[in-house]
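The values are calculated or read from the model by the stated rules, or taken from the named source; none is laboratory data. Everything numeric in this text was worked out from a predicted model, so none of it was measured. A quick note on method: Cβ atoms are made from the backbone with ideal geometry, for glycine too, and the neighbour counts reach across all protein chains shown.
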Amino acid sequence: MRLKLLCSFLCSLILWAPGSGQGQKPASRTYVLKAARLFDGKSDAVVRPGLIVVSDGKITGVGASGKIPADAQVIDFGDATLLPGFIDAHTHLTFAYSDDYKQQRLDGLEKTIAERALDASVNARVTLMAGFTTVRDVGSSDYLDVGLRNGIRSGDVPGPRMLVTVHALGATGGHCDHEDGYREGVFGHESGPIEGVINGPDQARYAVRLDHKYGADMIKVCASGGVLSPTDDVDTPQLTQVELNAIVDEAHALRRKTAAHAHGAEAAKRAIRAGIDSIEHGSFLDDEALDMMQKRGTYLVPTLMAIQGIQEKFDRGIYMPPAIEAKARAAIAAIHLTFQRALAKGVKIGLGTDAGVYPHGRNAEEFHQMVDLGMKPVDALKAGTSSDAELLGLADKIGTLEAGKLADIVAVPGDPTENIRQVEKVFFVMKEGVIFRNDTAGLAH
């Protein structure tokens, strides 16, 4: 087993070895980006006109404070809005989307690690081209997320900056036990902490340490059952209070943020008491859980696009196993009201989509999902920029357009504070001063 894991890890590292392909070039040019307006990620309105100066991969000036160097390349986008690069706090870039539930489960068994790594690189590129320059990737296997993150970081693979979890942690037979639903013995061993499956606080701490050892930027736990897992109820708690206490305590001691998959109220409350940084999904949260979150500053990452993706399958008559369908319909019926209650109570809300449950690249539709449920467009934009940057612990580097921050910048036509769906029309993407997409290159002069 140890040999198999070592081979998987080495395969990932070899596939994404620095220098193995044509990646992004170091950002050394100076740019001046102009547009009719600018949203800085923290204000309550856009400013006019928009101007950003970028040099050596960082923002050096914004608006009136931006002095235009003589050697700068000026790009004028006209009637458009400049924004911080978008952030998605809940993705699965190494998961291939499929309409076929059974095939999606089998892909991880039938495809080689190399094939799955290549698929993941395509998902990463599509996500970046949609304007998402940073993601938190909250569940993978075979160290694919670590390899993909490293390949992007070294410039060999185009994609968003990634914070990865290595293995999401959960109980035997729970939502994060990826051997769940298969016959006993098919894998030749019982899953354990090395795969993220724990029982008891000592194993919980051990699993956190293993994730940290093998490259985790954050720790994700499955505190409740899930919609798409085959054998559990969606809202039942799956980790005890002492297990969650151990996970969060160990993660925070290692300076790692934590996130809890939690559809049910009791599971969420246990995670909140443990000091979790965010609740993911939160379909069936009750008022007590939401009040606890508001008081403690715990984020809700509602992943509305996951529900949208499943609803679209229902609308197209795509088959799901009856037990999965029942859980999905219950979550769909609950999540929108829960989101509105969280909004009314002033719970911090971050943008996360559960990419992989719906086709990769549609991440920006999460903005309008939140606005459709009553969030102000400007607050939705903050959720996907400055609020997510705070949640990820990266607010000193990204999330706003300010001098000294990394030059993660996107442009969209028109004014997204007037029509939020403009964010789905990204035509310019810059990450750390490198232009990855410019559909108006002819405007540069």
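Looking at Ser229, Ser283, which one is crowded, with 21+ Cβ neighbours inside 10 Å and in contact with a strand residue (DSSP E or B) (Cβ under 6 Å, 6 or more places away or on another chain)?
Details: Ser229 fails: in contact with a strand residue (DSSP E or B) (Cβ under 6 Å, 6 or more places away or on another chain).
Of the residues listed, the single one that is crowded, with 21+ Cβ neighbours inside 10 Å and in contact with a strand residue (DSSP E or B) (Cβ under 6 Å, 6 or more places away or on another chain) is Ser283.
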For the range 230-241, pairs from a residue that is touching a residue at least 60 places away in the same chain (Cβ under 8 Å) and over 16 Å from Asn199 (Cα atoms) to a residue that is in a helix (DSSP H, G or I) and of a type in the set (Lys, Arg), with Cβ under 7 Å and 6 or more apart or across chains, are Val234/Lys327
With (1) modelled with pLDDT of 95 or more; (2) surrounded by 24 or more Cβ atoms within 10 Å (Cβ to Cβ) as the list, and Arg153 as the residue in question, which single condition is left unmet?
(2)
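Would you mention how many residues in the range 59-70 are in contact with an Asp or Glu (Cβ under 9 Å, 6 or more places away or on another chain) and crowded, with 17+ Cβ neighbours inside 10 Å? Explain how you work it out, then say what you get.
Residues of the range 59-70 in contact with an Asp or Glu (Cβ under 9 Å, 6 or more places away or on another chain): 59, 62-63.
From what is left, the residues that are crowded, with 17+ Cβ neighbours inside 10 Å are 59, 62.
The qualifying residues number 2.
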Tell me which of these Phe367 doesn't satisfy, since it passes every other one: (1) within 30 Å of Ile318 (Cβ to Cβ); (2) over 14 Å from the mean Cα position of the chain (by Cα).
(2)
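Would the range 252-259 turn up any residue that is in the same structural domain as Asp100 (by TED's automatic domain parsing), part of a helix (DSSP H, G or I), of a type in the set (Lys, Arg) and surrounded by fewer than 22 Cβ atoms within 10 Å (Cβ to Cβ)? So that I can check it myself, show each step before the final result.
So the first thing to find is which residues in the range 252-259 are in the same structural domain as Asp100 (by TED's automatic domain parsing), and the list is 252-259.
Checking the rest, the ones that are also part of a helix (DSSP H, G or I) come to 252-253.
Of the ones still in play, those that are also of a type in the set (Lys, Arg) are none.
The answer is no, given that none of the residues of the range 252-259 is in the same structural domain as Asp100 (by TED's automatic domain parsing), part of a helix (DSSP H, G or I), of a type in the set (Lys, Arg) and surrounded by fewer than 22 Cβ atoms within 10 Å (Cβ to Cβ).
May I ask you to verify whether Val248 is in a helix (DSSP H, G or I), among the aliphatic types (A, V, I, L, M) and either under 22 Å from the mean Cα position of the chain (by Cα) or within 18 Å of Ala89 (Cα to Cα) (or both)? Please lay out each step first, then the result.
Numbers: in a helix (DSSP H, G or I): yes; among the aliphatic types (A, V, I, L, M): yes; either under 22 Å from the mean Cα position of the chain (by Cα) or within 18 Å of Ala89 (Cα to Cα) (or both): yes.
It is true that Val248 is in a helix (DSSP H, G or I), among the aliphatic types (A, V, I, L, M) and either under 22 Å from the mean Cα position of the chain (by Cα) or within 18 Å of Ala89 (Cα to Cα) (or both).
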Answer yes if at least one residue in the range 186-201 is out of contact with any Asp or Glu (no Cβ under 6 Å at 6 or more places or on another chain), in a helix (DSSP H, G or I), more than 24 Å from Gly356 (Cβ to Cβ) and charged (D, E, K, R), and no otherwise.
no
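Please indicate, with yes or no, whether at least one residue in the range 93-101 is under 16 Å from Glu432 (Cα atoms) and among the hydrophobic types (A, V, I, L, M, F, W, C).
Within the range 93-101, not a single residue is under 16 Å from Glu432 (Cα atoms) and among the hydrophobic types (A, V, I, L, M, F, W, C).
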